[in-house]
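Only one structure is covered here, and it is reproduced in the block below.
The values are calculated or read from the model by the stated rules, or taken from the named source; none is laboratory data. Source: prediction; values computed, not measured. Note: ideal-geometry Cβ built from the backbone for every residue, glycine included; neighbour counts use all protein chains shown.
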Amino acid sequence: MINLMRLLCVLLVLVSLGCRNDTADQSQDRGQGANEITVSAAVSLRDAFQEIGRLYETRAKRKVVFNFGASGALQKQIEAGAPADVFASAGARQMDELAARNLIEISSRRDFARNALVLIVPRDSQSGITAFAKLPEAERIAIGNPRTVPAGQYTEQLLKNTNLWSQLEVKFILAEDVRQVLDYVARGETDAGIVYQTDVRVAGERVRVVATAEENSHDPILYPIAVIKESSQKSAAQEFVNLVTSAEGQSILARQGFAGVGGR
């Protein structure tokens, strides 16, 4: 009987220690979560923001978790309550719609970069497509889906303003983001594609730029950034926004091909 009682006491001690360890682990997990921010950003910002993120982590001693995707898709995620502390869009429309729903801190919003639309073809293309006006000669053209991709929205404006949209519409292969457009063209699955000038460097020598859209052919390609209203890390999120808009952040963006908001 005594041995049985001792065994029960040992088991109770072990269970007690296990409970305390579980509680400690959960508490540690919460602490780690509080020491990080989530940044939802347009996929065209991937390379620049990853570099800015490393600088932020070194200085702030805080982890950055990035969620890259099409701006429209990220907008919908935020509207649905997905966790995010900062949103950086490749177009004003998505940020405007979040602002209209009171989902961003209006005072934190900043335009921080500009971009340009370019027409690309596979590196060894012999199609003769050397300008936007030549696009009717293409069989397949990759563009971002205008419903969710700002680059696709700017492309639609460009092609409608140049009276090309209606005759090209049946040729479009719609992509979920600009990097997918780039991949279609780089693999030779389409004859041409329209992307941001900053995306071209990602493809290396697999594609060629044959034309750049005139600035007045579409709305200005401005990138806004803001702190999310429901963020529990607003101070930390504002630090990231401040770094992006600082001289150092702007220098990183410039190295990746982005222009400043004051001009190209």
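Given SER246, SER232, SER251, which one is hydroxyl-bearing (Ser, Thr, Tyr), surrounded by fewer than 18 Cβ atoms within 10 Å (Cβ to Cβ) and over 20 Å from the mean Cα position of the chain (by Cα)?
Result: SER232 is the single residue among SER246, SER232, SER251 that is hydroxyl-bearing (Ser, Thr, Tyr), surrounded by fewer than 18 Cβ atoms within 10 Å (Cβ to Cβ) and over 20 Å from the mean Cα position of the chain (by Cα).
Cβ contacts < 6 Å: first residue touching a residue at least 60 places away in the same chain (Cβ under 8 Å) and under 25 Å from GLY91 (Cα atoms), restricted to the stretch 134-149; second residue assigned to a loop (DSSP other than H, G, I, E, B) and of a type in the set (Gly, Ala, Ser), any location; separation 6+ or different chain. Result?
Filtered contacts from the stretch 134-149: THR148/ALA70; VAL149/ALA70.
Can you confirm whether PHE68 is on the phi < 0 side of the Ramachandran plot, surrounded by 23 or more Cβ atoms within 10 Å (Cβ to Cβ) and touching a residue at least 24 places away in the same chain (Cβ under 8 Å)?
The answer is no for PHE68.
Of all residues in the stretch 143-183, count the ones that are in a helix (DSSP H, G or I) and small (Gly, Ala, Ser).
Here the count works out to 3.
Exactly one of (1) farther than 23 Å from GLY69 by Cβ; (2) touching a helix residue (DSSP H, G or I) at 6+ places or on another chain (Cβ under 6 Å); (3) buried (at least 17 other Cβ atoms within 10 Å of the Cβ) is unmet by ALA192. Its number?
So ALA192 meets the others, but not (2).
Answer with yes or no whether GLN238 is at pLDDT below 95, of a type in the set (S, T, N, Q) and in contact with a helix residue (DSSP H, G or I) (Cβ under 8 Å, 6 or more places away or on another chain).
Taking the combined requirement at face value, the residue does not satisfy it.
Consider ALA142 carefully, then state whether it is surrounded by fewer than 20 Cβ atoms within 10 Å (Cβ to Cβ), hydrophobic (A, V, I, L, M, F, W, C) and at pLDDT 95 or above.
no
Residues to consider are VAL261, VAL241, VAL209, VAL227; find the one that is surrounded by 14 or more Cβ atoms within 10 Å (Cβ to Cβ) and part of a strand (DSSP E or B). Reasoning before the result, please.
Details: VAL261 fails: part of a strand (DSSP E or B); VAL241 fails: part of a strand (DSSP E or B); VAL209 fails: surrounded by 14 or more Cβ atoms within 10 Å (Cβ to Cβ).
Going through VAL261, VAL241, VAL209, VAL227 in turn, the sole match is VAL227.
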